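Participant: Have a look at this one before I ask anything.
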Amino acid sequence: MIAAGLQVLDALAARDGGFSLEVRAFDWGSERYKREGALMPGDGIEQLRAFDAIFFGAVGAPGVPDHISLWGLRLPICQGFDRYANLRPIGILPGIEVPLAGVGPGDLDWVIVRENSEGEYAGMGGRAHRGLPEEVGTEVAVFTRTGVTRILRYAFRLAQRRPRKLLTVVTKSNAQRHGMVMWDEIALEVAEDFPDVRWDKSLVDAMTLRMVKSPQSLDTIVATNLHADILSDLAGALAGSLGVAPSGNIDPERRFPSMFEPIHGSAFDIAGKGIANSVAAFWTAAQMLDHLGETSGAARLMVAVESVCAAGILTPDIGGKATTQEVTDAVCEAIRGSNIQLSG
Ligand code: IPM
Ligand code: MG
């Protein structure tokens, strides 16, 4: 996927001449883990620090436990660089089969803001009395006033910049009466600074219904690390496939490199067949360009992706017969041939 993404980025750079990318590849991942016992080198974070952005592929392989690949690479990079905002835009691209009847492009145009530094992914908890009948395992979610306030402020600011100025704050404060009630209280406080943003609250279970039953009632969505993880899979499915869904792990203060990754997993069932959907990688690349200030390149890339989807050049997960390479070539071709005038 990352190779496909780099191909379209090259095509864009060649067409516009407005930017060039200096790319360095790192083979950090499951193969390295099997070979050397670690997904990345001990000084990995230091090696990444100087970069402007990271373009990150799916990690994981059969035989490598998922919690090892997560805690050995993605989480240390994200948490080490304090990228507290995970930005997951989603929408229905033209020409794609979606599961909801009567819902098409424009009816589902969301950005999910996932808290990305704490909560259920804080790594707190433990196991005791292993293997004994008394064995106990705890998984503690950690919510800090600093962490909750900054992600809510980020979400309100984002909602304010979007045309509908509409935000939904997701919690589970009926059952989880400590940290989640604190979220609700902080949301009320933060909202005072954004009088022009319309906002509401949804409990996460009710939210799944709302996403399916009235997708038009949503625009910007903010939720905890785990809730937003789950909701973003549902969002991807409602948009046709997790294979289109992008994400950016953002350090809003730009102290550290932000990291851009399609949110689909490593999909062992189709790995190596050459049919995985590269749209998520392209959308993610557009997000990365936006972050780097190359907004017209980002817009041109998305126009190219939409035109290729509309022309029915689609991988099997979204109802087509094309291979990853055919889709990638078509997007590069659309970029080269594009005479669309975009304002910077
Ligand atoms: C995601 C993924 C990851 C997560 C997995 C691969 C650990 O599901 O980015 O949504 O849970 O954060
Ligand atoms: Mg997920």
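Participant: Largest first, please: the extent of the C-alpha atoms of region 234-335 along each principal axis, to the nearest Å.
Facilitator: Cα extents, longest axis first: 42, 29, 25 Å.
Participant: How do 226-239, 192-205 rank on mean C-beta neighbours within 10 Å, highest first?
Facilitator: Highest mean packing first, the order is 226-239, 192-205.
Participant: In 10 Å bins starting at 0, how do the alpha-carbon pair distances of the chain split up by percent?
Facilitator: 5, 24, 33, 26, 10, 1, 0
Participant: Return the calculated 222 nm mean residue ellipticity for the chain, to the nearest 500 deg cm²/dmol, obtained by summing -39500 (n - 2.57) across DSSP H runs with n ≥ 4 and dividing by the residue count.
Facilitator: Roughly -12000 deg cm²/dmol at 222 nm, from the helical runs in the chain.
Participant: How would T323, T171 rank on accessible area, largest to smallest, probe 1.4 Å?
Facilitator: Result, largest first: T323, T171.
Participant: Protein chains only, probe 1.4 Å: how do Y121, Y84 rank by accessible area, largest first?
Facilitator: Greatest to least solvent exposure: Y121, Y84.
Participant: Now a separate question. Report the local net charge at V23: Lys and Arg +1, Asp and Glu -1, summed over other residues whose C-beta lies under 15 Å from its C-beta.
Facilitator: Cβ neighbours under 15 Å give a net charge of -4.
Participant: Throw me the Rg/Rh for region 99-238, computed over C-alpha atoms with Kirkwood Rh, two decimals.
Facilitator: 1.04
Participant: Principal axis extents for region 1-76, Cα atoms only, whole Å, descending order, please.
Facilitator: 43, 27, 19
Participant: Right, something else. Which trypsin sites (Lys or Arg not before Pro) in region 30-127 sit in a loop by DSSP (not H, G, I, E or B) and have at most 15 other Cβ atoms within 10 Å of their own Cβ?
Facilitator: R49
Participant: Also, I was wondering about something else. Under a Cβ-Cβ cut-off of 13 Å, what is the net charge of the residues other than S241 that fall near it, where Lys and Arg count +1 and Asp and Glu count -1?
Facilitator: -3
Participant: Stokes-Einstein at 25 °C, 0.890 mPa s, Kirkwood radius from Cα pairs: D for region 98-145 in µm² s⁻¹?
Facilitator: Rounded to a whole number, D works out at 166 µm²/s.
Participant: When the dipole is taken about the Cα centre of region 99-238, and only Lys, Arg (+1) and Asp, Glu (-1) are charged at their Cβ, what size is it in debye, to the nearest 20?
Facilitator: Result for region 99-238 is approximately 300 debye, rounded to the nearest 20.
Participant: Now, a different point. How many lysine pairs does the chain hold where the Cα atoms are under 25 Å apart and the two sit 8 or more places apart or on different chains?
Facilitator: For the chain, the number of qualifying lysine pairs is 7.
Participant: I've got another one for you. If you find the alpha carbon centre of region 141-190 and of region 276-344, how far apart are they in angstrom?
Facilitator: 33 Å
Participant: Moving on. Give me the net charge of G179's neighbourhood, meaning all other residues with Cβ under 12 Å from the Cβ of G179; Lys, Arg count +1, Asp, Glu -1.
Facilitator: -2
Participant: Output ³J(HN,Hα) for region 127-142: one whole-Hz value per residue in order, computed from phi by the Karplus curve 6.51 cos²θ - 1.76 cosθ + 1.60 with θ = phi - 60°, and x for Gly and Pro.
Facilitator: 10, 9, 6, 3, x, 8, x, 7, 3, 9, x, 10, 9, 9, 8, 10
Participant: Another question, then. Based on Cα positions only, what radius of gyration and what Dmax would you give for region 175-303, in angstroms?
Facilitator: 17.2, 52
Participant: Then there is this: Treating the beta-carbon of each Lys and Arg as +1 and of each Asp and Glu as -1, no other charges, what is the dipole magnitude of the chain about its Cα centre, to the nearest 20 debye?
Facilitator: My answer is approximately 260 debye.
Participant: What spacing in nm lies between the two simple spin-label points modelled at N174 and D107, each 7 Å away from Cα in the Cβ direction?
Facilitator: For N174 paired with D107, the spin-label model returns 2.7 nm.
The values are calculated or read from the model by the stated rules, or taken from the named source; none is laboratory data. Because the structure is a prediction, the values reported are computed rather than measured. Every residue, glycine among them, receives a Cβ derived from its backbone with ideal geometry; neighbour counts consider all protein chains shown. These area figures cover heavy atoms from the full protein model, side chains too; ligands, DNA and RNA do not enter into them. Shrake-Rupley method; radii C 1.70, N 1.55, O 1.52, S 1.80 Å.
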